[in-house]
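Data first, discussion second: the structure below is written as structure tokens.
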Amino acid sequence: MKDYVRAIGTIVHKDAIVELRTRETLLASLIFTLLVVVVFAFALELAPATARAVAPGLLWVTLAFAGVLALGRSFAAERDRGALDGLLLAPVDPTALYVGKMLANLAFMVAVLVVALPAFSILLGVPLLSPALLPSALLGLLGFAAAGTLFSALALNGRAREVLLPALFLPLAIPVIITAAGAMRLDAAGAPSGSAVGVLVACDALYLAVAVLLFGYTIEE
């Protein structure tokens, strides 16, 4: 178990170091996020009541597309430099590679969320920074990263990887996106209007279980 946890930590640390050195994916996603927020805020000119109703959906559309940018680059370094074979030959369970990549993708999406939440709150005038909304946001990101990491490995060897990944993954991610957006919807007083935490937990558990079971077969193909 110690070797398994150490392998996961090594993969997360490696991905973090690579991203901090290059900043390619992070900067692209953050710029995309801010651009979308500015367009929504100044082009739609939403009334306060309408903004409260649609802000969670707009937020999750932004997170979904920014997340796809990150997922598309999840295995890029290993694929381009031939390091993936070395990782698979390492004396650790292949699921450690999946869990490490999934946690790295989750951390990346949390960084995007940290930028998106205050941007939406300020420009749309919606209190999305409420602590009551954070569990739903984090659970939604966990399910998104869990399924997205598996499909990123699945699309790794495809000729049109950039097109194949969103075409395969986004339909499966729709339940998590819709449920998380619904859980973050605000009522007239600016409080969460309902809770879908149980559904998000069930989706996360299902995605994680299926991904752990299938990752070894997927990455070897």
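The values are calculated or read from the model by the stated rules, or taken from the named source; none is laboratory data. Note that the structure is a prediction, hence the values are computed from the model and not measured. All Cβ positions, glycine included, derive from the backbone under ideal geometry; neighbour counts span all protein chains shown. Side chains included, ligands, DNA and RNA excluded: accessible areas come from the protein's heavy atoms. Shrake-Rupley method; radii C 1.70, N 1.55, O 1.52, S 1.80 Å.
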query = If we scan region 145-167, do we find a residue that is modelled with pLDDT of 80 or more and under 20 Å from ALA55 (Cβ atoms)?
reply = no
task = Would you please name the residue that is nearest to ALA107 (Cα to Cα), looking only at residues in region 62-76 that are more than 9 Å from the chain's Cα centre (by Cα) and touching a residue at least 60 places away in the same chain (Cβ under 8 Å)?
result = SER74
query = Residue check: is VAL110 open to solvent by less than 60 Å² (accessible area, probe 1.4 Å), without any contact (Cβ under 8 Å) to a residue 40 or more places away in the chain and either part of a helix (DSSP H, G or I) or of a type outside the set (Phe, Trp, Tyr) (or both)?
reply = yes
ask   = Just checking, which of THR25, THR33 is within 16 Å of ALA76 (Cβ to Cβ) and either assigned to a helix (DSSP H, G or I) or within 17 Å of the chain's Cα centre (by Cα) (or both)?
value = THR25
message = Residues that are assigned to a loop (DSSP other than H, G, I, E, B) and either open to solvent by 50 Å² or more (accessible area, probe 1.4 Å) or in contact with a Phe, Trp or Tyr (Cβ under 9 Å, 6 or more places away or on another chain) (or both): does region 62-73 have at least one?
response = yes
remark   = Among ALA211, ALA196, ALA180, the single one that is at pLDDT below 80, open to solvent by less than 70 Å² (accessible area, probe 1.4 Å), touching a Ser or Thr at 6+ places or on another chain (Cβ under 9 Å) and within 19 Å of ALA146 (Cα to Cα) is ALA196
